[in-house]
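The values are calculated or read from the model by the stated rules, or taken from the named source; none is laboratory data. Since we're looking at a predicted model, the values are computed, not measured. Glycine gets a Cβ as well: all are built from the backbone with ideal geometry, and neighbour counts include every protein chain shown. Surface accessibility is based on the protein's heavy atoms, side chains included, excluding ligands, DNA and RNA. Shrake-Rupley method; radii C 1.70, N 1.55, O 1.52, S 1.80 Å.
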Amino acid sequence: MKIAVLPGDGIGPEIVAQAVKVLEALSRDGMKIEMEEAPIGGAGYDAAGDPLPAATLKLAQDADAVLLGAVGGWKYDALPRPMRPEQGLLRIRKELNLFANLRPALLYPELADASTLKPEVVSGLDIMIVRELTGDIYFGQPRGIEVRNGERVGYNTMLYSESEVRRVAHVAYGIAMKRGKRLCSVEKANVLECSELWREMVIEVGTSYPEVELSHMYVDNAAMQLVRNPKQFDVIVTGNIFGDILSDEASMLTGSIGMLPSASLDSNNKGMYEPIHGSAPDIAGRNIANPLATILSVAMMMRYTFSREEIALRIENAVKKVLAQGLRTADIHVAGTKKISCSEMGDAVVAAL
Ligand code: NAD
């Protein structure tokens with residue numbers, strides 16, 4: 001297993017170090033794991049004047065999987081847009097053709113109190129959001145700001161091709177087959193042509209998955225249903241911008257942004273794995289960040305890129321065990337549990353493993 005390790009900025013290096021401990025523990029157990037580290041984001045800019053240095057991209061291209069921390073920081077906010085850390089992230093996703101973003105929203109029973117929603121609404125929650133990641137209004141052309149009729153206008157293009165929708169739909173149906181066999185496609189087909197085509201393609205791909213029950217929902221309703229009755233969902237598939245918003249909403253159902261992993265896959269299941277949160281500059285360098293989302297990203301890596309379900313479960317069970325022991329980082333700490341640091345959490349997971 002060749003893994004490119006890209007810690008990035010802010011808390012990135014702290015949390016990735018804990019996930020690396022887990023990989024090293026698996027390696028000691030006899031798994032053949034090779035890891036190599038490279039800078040990305042602000043760290044890439046500092047090292048090579050580019051948020052995605054050529055050597056980092058090459059390392060990621062040659063690897064089977066990429067483990068990423070997070071990018072971004074206040075000191076880079078004034079840089080011209082192409083040099084900003086977030087551009088490194090957008091570019092690596094595009095360069096590696098990582099078109100399917102998998103974001104589970106899973107509530108650990110021990111953390112039911114951390115959610116802002118009532119425990120009965122969220123307990124037992126287990127949703128998988130599949131977000132298309134390389135198309136849509138974030139990439140569609142034309143785009144720009146220009147003067148029309150004596151004033152500036154800003155515009156972007158929401159655009160999906162048939163093949164872009166088909167490939168992400170296949171991923172979503174495949175995941176639904178391994179879960180509860182229910183797929184909800186989210187769009188805005190009542191007002192957007194782009195969504196009309198999306199819906200047609202999702203229905204067409206569905207003929208290859210007769211066992212999966214397909215439903216459709218407008219994005220505004222989906223945003224409402226996610227807080228009204230989130231347990232109605234099994235797998236959700238949606239485009240880039242709707243998925244961006246809905247997956248952040250879903251993440252808060254579970255209480256802490258520090259708990260949720262993600263995977264971004266290409267058509268051969270090569271993937272980039274990262275926590276859903278950002279670089280948290282407000283707490284960086286203090287050894288208090290929650291590394292569990294990053295550790296759980298390694299579990300997803302074992303499941304989706306390396307097809308090692310038993311290892312994925314082993315990591316996930318180690319995390320559950322640590323939570324059951326009452327160990328918590330500051331973000332999920334409540335009365336009656338023990339507050340520990342980022343590195344102590346990494347050690348605890350390794351011990352439980
Ligand atoms: P953020 O996710 O970094 O932080 C939001 C809040 O959650 C902060 O209060 C932070 O302390 C807390 N938090 C986040 N992760 C945590 C963890 N593991 N443990 C404990 N607390 C945690 O979002 P933001 O503040 O909007 O953005 C900060 C920077 O991160 C910006 O530069 C932004 O562009 C970047 N960002 C990067 C990514 C990415 O790399 N994928 C994603 C989102 C934001």
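Couplings for segment 264-276, taken from phi via the Karplus curve 6.51 cos²θ - 1.76 cosθ + 1.60 with θ = phi - 60°, read 10, 10, 9, 6, 10, 6, 5, x, 10, 10, 7, x, 7 Hz in order; Gly and Pro are left as x.
Within the accessible surface of the chain, defined with a 1.4 Å probe on protein heavy atoms only, the carbon and sulfur portion equals 52 percent.
Solvent-accessible surface of segment 16-170, taken per residue with a 1.4 Å probe and all protein chains present: 49 Å².
Can you tell me the accessible area per residue over segment 205-332, all protein chains present, probe 1.4 angstrom, in square angstrom? Write out the running numbers ahead of the final one.
Working: 4700 Å² over 128 residues.
That works out to 37 Å² for each residue.
Once the other residues with Cβ under 14 Å from the Cβ of residue 242 are scored (Lys, Arg +1; Asp, Glu -1), what is the net sum? Net of charged neighbours comes to -3.
When the surface is traced with a 1.4 Å probe over the full set of protein chains, residue 182 keeps roughly 90 Å² accessible. Residues whose amide H comes within less than 5 Å of that of residue 125, counting only those at least five positions distant or on another chain, are 107 (H built at 1.01 Å from N in the peptide plane).
Full extension from residue 334 to residue 157: what is 0.36 nm times the residue separation minus their Cα-Cα distance, to one decimal in nm? It would help to have the intermediate numbers written out before the result.
Values: separation 177, 0.36 × 177 = 63.72 nm, distance 4.52 nm.
Contour length minus the Cα-Cα distance gives 59.2 nm.
Across segment 103-111, computed HN-Hα scalar couplings (Karplus, 6.51 cos²θ - 1.76 cosθ + 1.60, θ = phi - 60°) run 10, x, 10, 10, 9, 6, x, 5, 10 Hz from first to last residue, x flagging Gly and Pro.
Listed by chain and number, the lysines whose C-alpha is less than 19 Å from the C-alpha of residue 321, apart from same-chain residues fewer than 8 away, are 21, 338, 339. Full-extension gain between residue 24 and residue 177, please, as 0.36 nm times their residue separation minus the C-alpha to C-alpha distance. Here the segment from residue 24 to residue 177 would lengthen by 51.8 nm. The modelled label-to-label distance for the pair residue 33/residue 61, using points 7 Å beyond Cα in the direction of Cβ, is 2.7 nm. One chain, two ends: residue 207 and residue 97. Fully extended at 0.36 nm per residue, the span grows by 37.0 nm beyond their Cα-Cα distance.
Here the sum of -39500 (n - 2.57) over DSSP H runs of 4 or more residues, divided by the residues of the chain, equals -12500 deg cm²/dmol at 222 nm, to the nearest 500. The Cα center of segment 212-227 and the Cα center of segment 53-90 differ in position by 33 Å.
Taking the DSSP beta bridges with both ends in the chain, the antiparallel portion is around 40 percent. With the convex hull of its Cα atoms as the shape, segment 106-261 has an orientation-averaged projected area of 10.7 nm². With θ taken as phi - 60° and the Karplus curve 6.51 cos²θ - 1.76 cosθ + 1.60 applied, the whole-hertz 3J(HN,Hα) list for segment 278-286 is x, 8, 6, x, 5, 10, 5, x, 10 Hz, x standing for glycine and proline.
At an R0 of 35 angstrom, the distance between the Cβ atoms of residue 282 and residue 138 translates into a FRET efficiency of 0.85.
Using the Cβ-Cβ distance between residue 232 and residue 47 with R0 set to 56 Å, the FRET efficiency from 1/(1 + (r/R0)^6) comes to roughly 0.75. Relative to its Kirkwood radius, the Cα radius of gyration of the chain gives an Rg/Rh of 0.96.
Placing pseudo-labels 7 Å out from each Cα toward the beta carbon at residue 81 and residue 249 gives an inter-label distance of 2.7 nm.
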